[in-house]
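First the structure, in the form of structure tokens, and then the observations on it.
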């Protein structure tokens, strides 16, 4: 029971400090709190085996911050890639279109390969292996997804253009 009390005390004392530290490294309070919460969740799963909980929390949080920025960079690259494929759609991308929301609106069959290819950076062969599909099928799914995303961007461009 004292271990549980110790864990509660650590959370009460250390969470605000960790979340504040994360806030200085990411682009929003919500993201900072998500990262701090995830760090504590990972600590709880290893409670009793971690020698220095505070160091562990900072280490995990630092890795989660890196992951956050890697993901953001992949999102930016995806936006640039989609915009470069179809120059007439660049104005919609410049006006803050949330490409991630457009990707999430795709059917699962198309969405998963897009996430694995553009966001996780996996090659087509590896995606095919993970999804138990042929590489040609993955390429076709990526092509169909790009067509749908291009159409969605075109529709947004038409709405936002006076």
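The values are calculated or read from the model by the stated rules, or taken from the named source; none is laboratory data. Everything numeric here is computed off the predicted structure, so don't read it as measured data. Note that each Cβ is placed from the backbone with ideal geometry, even for glycine, and that neighbours are counted across all protein chains shown.
Got a sec? Which of 145, 61, 128 is within 30 Å of residue 15 (Cα to Cα), at pLDDT 75 or above and crowded, with 18+ Cβ neighbours inside 10 Å? Write out each step before concluding.
Details: 145 fails: within 30 Å of residue 15 (Cα to Cα); 128 fails: within 30 Å of residue 15 (Cα to Cα).
Unique residue meeting the criteria: 61.
Can you tell me which residues in the range 114-153 are touching a residue at least 24 places away in the same chain (Cβ under 8 Å) and under 14 Å from residue 99 (Cβ atoms)?
Those that are touching a residue at least 24 places away in the same chain (Cβ under 8 Å) and under 14 Å from residue 99 (Cβ atoms): 114, 117, 118, 119, 145, 146, 148, 149, 150, 152, 153.
Would you confirm whether any residue within the range 87-103 is more than 27 Å from residue 24 (Cα to Cα), at pLDDT 90 or above, surrounded by 13 or more Cβ atoms within 10 Å (Cβ to Cβ) and not assigned by TED's automatic domain parsing to the domain that holds residue 28? I'd like the intermediate steps shown before the answer.
Of the range 87-103, the ones more than 27 Å from residue 24 (Cα to Cα) are 87-93, 102-103.
Still in the list and also at pLDDT 90 or above: none.
Checked the range 87-103: no residue is more than 27 Å from residue 24 (Cα to Cα), at pLDDT 90 or above, surrounded by 13 or more Cβ atoms within 10 Å (Cβ to Cβ) and not assigned by TED's automatic domain parsing to the domain that holds residue 28.
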